[in-house]
1. Check segment 70-89 and report whether any residue there is assigned to a strand (DSSP E or B), modelled with pLDDT under 95 and surrounded by 19 or more Cβ atoms within 10 Å (Cβ to Cβ).
2. Among the residues of segment 34-45, how many are open to solvent by 50 Å² or more (accessible area, probe 1.4 Å) and either at pLDDT below 90 or over 29 Å from residue 84 (Cα atoms) (or both)?
3. Restricting attention to segment 183-206, and to residues there that are open to solvent by less than 10 Å² (accessible area, probe 1.4 Å) and of a type in the set (A, V, I, L, M, F, W, C), which single residue is farthest from the chain's Cα centre (by Cα)?
4. Anything in segment 156-178 that is over 11 Å from residue 126 (Cβ atoms), part of a loop (DSSP other than H, G, I, E, B), at pLDDT 95 or above and not small (Gly, Ala, Ser)? List them, or say none.
5. Give segment 86-130 a look and list any residue that's more than 16 Å from residue 310 (Cα to Cα) and basic (Lys, Arg), or say none.
6. What tally of residues in segment 57-69 results from selecting those that are modelled with pLDDT of 95 or more and surrounded by 16 or more Cβ atoms within 10 Å (Cβ to Cβ)?
7. From the set of residues in segment 291-322 that are crowded, with 24+ Cβ neighbours inside 10 Å, hydroxyl-bearing (Ser, Thr, Tyr) and modelled with pLDDT of 95 or more, which is farthest from residue 274 (Cα to Cα)?
Amino acid sequence: MTGEPASAGRMNRRRFIKICAVVSAGTILPSTIARSAPDLHRWKGIALGARAEINLVHEDRAKALDLFRLVEAEIRRLEQVFSLYRQDSELVRLNSNGRLQAPSLDMVTLLGQAHRIHTLTGGAFEPTVQPLWAYHAELAAHGAMPEGAEAENGRLQTILNNIGFQHVNYEPGIVEFRRKGMALTLNGIAQGYITDKVTALLRSRGCRDLVVDLGEISATGHARTEGAPARNGWPLTLRPDPARPSAQVKVALVDASVASSARTGTTFDETGRSSHILDARTGLPVKSDLEAASVIARSAAFADGLSTAALVCGEQGLADALGHVQEAKAFVVRSTGTAGWLNGRSS
């Protein structure tokens, strides 16, 4: 699972970003589509600290701009729920107090989705790794490597003792931790959830052809070329592993979502070896038979969570999880250098 520093007090974020290797990976939407379609409108902004973009086919430019203003408001609203940087967000208050009275419906809904992915992956998707992530970020800020760094004082084991989604109680009236020292990160699923919410908002306003890219991508309807609708969805190129740019595949996304995770997409160390995705079982950066995975599913939140978990549970664990989901599949890059598709259940 991934995380981020909850406050500047735990670690100097400038220092961390300086040593953190961030490489482009995931999906690419051909820019020629936007250039050739006069009624395709583009919005660019920031969502949960990352670059975001929406491509929307609409015959009325003024109405498209009004829709984008609604989208911005929705993103800001959801950041007030899930952000680890906004000190008044629901998530920060939960992590600070160990309990959150009267949580929003979005918080409870997303925790339910996280619970499902946690169960499907045998715990590989673990939202309670935030203290572990902060620990590794602190090590990186001081130039230390994670393996064996805390053998002398047991701090790592103390953190691991308080990790486990089974220790999170969530219901409509309250979210609370059953153990002290716990904290959540929803970075492995919140971007996908917000993508789903923005897509649903635009569809509820009558939009039929659009792509929402808030770190994870959701595509509805069809692209436009030369002003006419295509009939094969939105063309995308999946490049899940930045270290192996040749391991890519072209797809047409139709009423579906895709999310990608790479073991070395973001790292704690300058050498690019210490992955930001952590295995809660060992307390160390993930090592498995997969280097990267792009998951295609109906829900962007599900694709987001499962692509992250894939690097923890490995190819067999990912295949098992996909087997419980209709119309889901994954394009994986293995540590051997080979790449290929894994399929879920057919409808």
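1. Checking segment 70-89: not a single residue is assigned to a strand (DSSP E or B), modelled with pLDDT under 95 and surrounded by 19 or more Cβ atoms within 10 Å (Cβ to Cβ).
2. 2
3. The qualifying residue farthest from the chain's Cα centre (by Cα) is 202.
4. Listed by number, the residues that qualify are 172, 178.
5. Within segment 86-130, 86, 93, 99 qualify.
6. Total satisfying the criteria: 3.
7. Ranking the candidates gives 294 first.
This table checks each residue for (1) in a loop (DSSP other than H, G, I, E, B); (2) of a type outside the set (Gly, Ala, Ser).
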site	(1), (2)
185	yes, yes
191	no, yes
194	no, yes
201	no, yes
219	no, no
238	no, yes
251	no, yes
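The values are calculated or read from the model by the stated rules, or taken from the named source; none is laboratory data. All of these numbers come straight from a predicted model, not from anything done at the bench. Quick reminder, even Gly has a Cβ in these numbers, built from the backbone with ideal geometry, and neighbours come from all protein chains shown. Accessible surface areas use protein heavy atoms only, side chains included; no ligands, DNA or RNA. Shrake-Rupley method; radii C 1.70, N 1.55, O 1.52, S 1.80 Å.
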